[in-house]
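Student: My structure is below; once you've seen it, I'll send some questions.
The values are calculated or read from the model by the stated rules, or taken from the named source; none is laboratory data. Not measured: the values here are computed from a predicted model. Cβ sites come from the backbone with ideal geometry, for glycine too, and all protein chains shown count toward neighbours.
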Amino acid sequence: MTDTDARPPSNVPEFTVSEISGALKRTVEETFSLVRVRGEISGFKRHSSGHLYFALKDADAVMDAVCWRGQAARLGMAPEDGMEVIATGRLTTYPGRSKYQMVVERMELAGQGALLKLLEDRRRKLAAEGLFDQGRKRPIPFLPRVIGVVTSPTGAVIRDILHRLADRFPSHVLLWPVAVQGDGAAGQVAAAIEGFNALPEGGQVARPDLLIVARGGGSVEDLWAFNEEVVVRAAAASAIPLISAVGHETDTTLIDFASDLRAPTPTAAAEMAVPVRAELINQVTDCGSRLLNALTRGIEERRLRVEAIARALPHPRRVIEEAWLKLDDRAERLRLALPNLMMRHQGELDKVSARLTHALDKAKAGEAARLERDGLRLTQAAMRLPEALSRAIERQGQRLESQGKLLESYSYRKVLERGYAVVRDVDGHVVAAADAAPGAHWRVEFKDGDTSVTVGEGAAPPPAAKPKPKGREDGRQGSLL
């Protein structure tokens with residue numbers, strides 16, 4: 001008996017692994033052909049092929065998900081790790097690994113709180129890049145010739161803008177139709193802003209002087225296209241001044257921070273774009289009237305001033321007559337002025353001549369007296385000169401004699417008279433005992449003359465001098481030498 005024979009018979013059918021996997025795949029895909037799953041994105045990865053791979057998780061479970069390249073381009077948002085979303089798609093299985101996953105076709109943020117958090121994070125990021133700086137904003141032109149409007153062509157927004165512009169100041173309007181909600185709306189709005197900026201000056205299509213990006217009110221999800229980075233960056237890079245008018249007064253989108261001016265409503269954007277034509281006409285008319293009145297008053301004031309000046313001016317004939325009188329008077333005075341001047345100068349010359357003669361006489365008298373005094377002093381000095389000269393010669397002789405005696409007392413010859421001698425070499429220099437070399441020629445000077453000597457070989461030293469008795473000799477003090 002074999003083991004097969006030992007097993008009891010069974011009516012449970014047998015399946016291969018492939019059959020089971022195929023059955024599960026059909027069951028899952030038929031049962032969950034369209035599902036909406038809410039969860040947090042985890043492990044997000046964008047493949048080089050363009051496919052998106054990630055997982056949706058909650059507190060208790062994790063489910064793999066994939067979004068193919070074609071659907072990923074139409075999501076309308078950029079998935080990130082930690083983002084809570086609601087994904088719409090279908091479930092399928094992967095038999096090769098016994099796994100199931102969700103194929104995502106659409107995706108949206110889950111809840112307004114998540115949207116606001118994403119919005120705030122994006123606002124901080126773009127603000128850090130300087131896209132919202134006040135220094136980047138340009139002034140709105142006072143009276144734009146052409147206004148470019150980026151909005152939906154079928155909504156009430158464009159009608160409100162055109163109606164308000166027609167009421168205030170009819171202007172040339174260019175409409176760039178775009179979708180303002182849903183997939184692809186952000187890209188269309190950004191392309192419209194860039195397209196208006198790309199129009200050449202003086203081309204067939206007039207380049208707008210002002211842009212208005214407008215949309216009616218709605219929820220955060222409805223206005224989300226105007227929070228996308230591509231729209232905000234296009235608005236910040238626009239060289240044409242831009243007014244954002246998205247939503248109602250309480251709605252705020254990121255394009256409002258990047259635009260040059262934010263309007264609370266599309267109608268208000270039209271009011272900000274142009275002034276009121278009637279008010280401008282009234283203002284110009286008023287300015288013209290004021291200018292005409294000012295000119296009239298100015299002319300009248302100047303006419304009155306000319307008349308007053310004319311009344312104050314004398315008659316020209318009287319002015320000429322007075323000038324003739326002055327001329328005749330000056331001519332008469334000029335005719336008499338030269339003789340009078342000559343007479344005045346002659347009198348002054350006579351006075352100067354008299355003073356000069358008096359001074360000359362006085363100087364001659366003073367010079368004679370001075371010469372007489374100098375001659376008397378010279379005579380007296382000549383009389384005193386011989387006696388003074390004799391006294392001066394006598395004083396100089398006495399002084400010379402005194403100096404001679406002093407010089408004689410300092411002479412070395414006084415020492416020679418006391419028995420000393422001076423020994424010099426042939427050059428006249430005084431020698432010492434150390435200079436006594438055999439054969440040296442010296443000269444010895446005594447008080448009564450000098451003689452030549454030669455130093456001999458082995459000369460005996462001179463005998464020691466005998467001591468002299470102390471005390472007085474011949475009643476005089478002994479010699480110190």
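Student: Checking the condition under 47 Å from the mean Cα position of the chain (by Cα), under 30 Å from Arg106 (Cα atoms) and surrounded by 15 or more Cβ atoms within 10 Å (Cβ to Cβ), which residue from Gln188, Gln181 passes?
Tutor: Selected residue: Gln188, the only one of Gln188, Gln181 that is under 47 Å from the mean Cα position of the chain (by Cα), under 30 Å from Arg106 (Cα atoms) and surrounded by 15 or more Cβ atoms within 10 Å (Cβ to Cβ).
Student: Moving on. Out of all the residues in the range 263-277, is one or more of a type outside the set (Gly, Ala, Ser), in a helix (DSSP H, G or I) and modelled with pLDDT under 90?
Tutor: Within the range 263-277, the subset of a type outside the set (Gly, Ala, Ser) is 264-267, 271-272, 274-277.
If we keep only those that are in a helix (DSSP H, G or I) too, we end up with 266-267, 271-272, 277.
Filter again for modelled with pLDDT under 90, leaving 277.
Yes, the range 263-277 has at least one match.
Student: Among the residues of the range 193-205, are any closer than 25 Å to Lys125 by Cβ, buried (at least 23 other Cβ atoms within 10 Å of the Cβ) and not assigned by TED's automatic domain parsing to the domain that holds Ala78?
Tutor: Yes, because at least one residue in the range 193-205 is closer than 25 Å to Lys125 by Cβ, buried (at least 23 other Cβ atoms within 10 Å of the Cβ) and not assigned by TED's automatic domain parsing to the domain that holds Ala78.
To keep it simple, each residue is scored yes or no on (1) over 18 Å from Val28 (Cβ atoms); (2) in contact (Cβ under 8 Å) with a residue 12 or more places away in the chain; (3) surrounded by 13 or more Cβ atoms within 10 Å (Cβ to Cβ); (4) of a type in the set (Gly, Ala, Ser).
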{"residue": "Ile41", "(1), (2), (3), (4)": "yes, yes, yes, no"}
{"residue": "His51", "(1), (2), (3), (4)": "yes, yes, yes, no"}
{"residue": "Phe54", "(1), (2), (3), (4)": "yes, yes, yes, no"}
{"residue": "Ala65", "(1), (2), (3), (4)": "no, yes, yes, yes"}
{"residue": "Leu75", "(1), (2), (3), (4)": "yes, yes, yes, no"}
{"residue": "Val85", "(1), (2), (3), (4)": "yes, yes, yes, no"}
{"residue": "Leu91", "(1), (2), (3), (4)": "no, yes, yes, no"}
{"residue": "Arg97", "(1), (2), (3), (4)": "no, no, no, no"}
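Student: Okay, next question. Quick one: which residue in Gly347, Gly288 is in a helix (DSSP H, G or I) and within 30 Å of Pro170 (Cβ to Cβ)?
Tutor: Only one candidate qualifies: Gly288.
Student: To continue, here is another question. Report, ordered by the first and then the second residue, all pairs with beta carbons closer than 8 Å, sequence separation of six or more or different chains, a first member in the range 400-411 that is without any contact (Cβ under 8 Å) to a residue 12 or more places away in the chain, and a second member that is surrounded by 10 or more Cβ atoms within 10 Å (Cβ to Cβ) and assigned to a helix (DSSP H, G or I).
Tutor: Listed pairs, sorted by first residue: Glu408/Lys414.
Student: In the range 110-154, how many residues are free of Cβ contacts under 8 Å to residues at least 24 places away in the same chain and surrounded by fewer than 14 Cβ atoms within 10 Å (Cβ to Cβ)?
Tutor: Qualifying residue count, the range 110-154: 12.
Student: Continuing with the same structure: Can you go through Ala78, Ala55 and tell me which one is of a type in the set (Gly, Ala, Ser) and either in contact with a helix residue (DSSP H, G or I) (Cβ under 6 Å, 6 or more places away or on another chain) or assigned to a loop (DSSP other than H, G, I, E, B) (or both)?
Tutor: When all the criteria are applied, what remains is Ala78.
Student: A further question on this structure: Out of Val180, Val220, Val230, which single residue is in contact with a strand residue (DSSP E or B) (Cβ under 6 Å, 6 or more places away or on another chain) and modelled with pLDDT under 95?
Tutor: Result of the check over Val180, Val220, Val230: Val180.
Student: Among the residues of the range 33-52, what is the count of those that are part of a loop (DSSP other than H, G, I, E, B), within 53 Å of the chain's Cα centre (by Cα) and under 14 Å from Val103 (Cα atoms)?
Tutor: 1
Student: While we're here: Give me the residue from the range 259-286 that is over 26 Å from Leu126 (Cα atoms) and hydroxyl-bearing (Ser, Thr, Tyr) and, out of that set, surrounded by the fewest Cβ atoms within 10 Å (Cβ to Cβ).
Tutor: Per the criteria, the residue is Thr285.
Student: Would you point out the residue of the range 58-72, among those that are at pLDDT below 90 and under 57 Å from the mean Cα position of the chain (by Cα), that is farthest from Met83 (Cα to Cα)?
Tutor: Gly70
Student: Return the residues of the range 229-244 that are without any contact (Cβ under 8 Å) to a residue 60 or more places away in the chain and either part of a loop (DSSP other than H, G, I, E, B) or buried (at least 19 other Cβ atoms within 10 Å of the Cβ) (or both); say none if nothing qualifies.
Tutor: Scanning the range 229-244 gives Val231, Ala234, Ala235, Ser238, Ala239, Leu242, Ser244.
Student: Filter the range 414-433 down to the residues that are surrounded by 10 or more Cβ atoms within 10 Å (Cβ to Cβ) and touching a residue at least 60 places away in the same chain (Cβ under 8 Å) and list them by number.
Tutor: Val415, Tyr420
Student: State the number of residues belonging to the range 23-57 that are of a type in the set (Val, Ile, Thr), at pLDDT below 90 and within 30 Å of Gln181 (Cβ to Cβ).
Tutor: 1
Student: Please go through the range 120-147 and pick out each residue that is in a helix (DSSP H, G or I) and closer than 19 Å to Phe196 by Cβ.
Tutor: Initial filter on the range 120-147 (in a helix (DSSP H, G or I)): 120-128, 134-136.
Within the range 120-147, Arg136 is the sole residue that qualifies.
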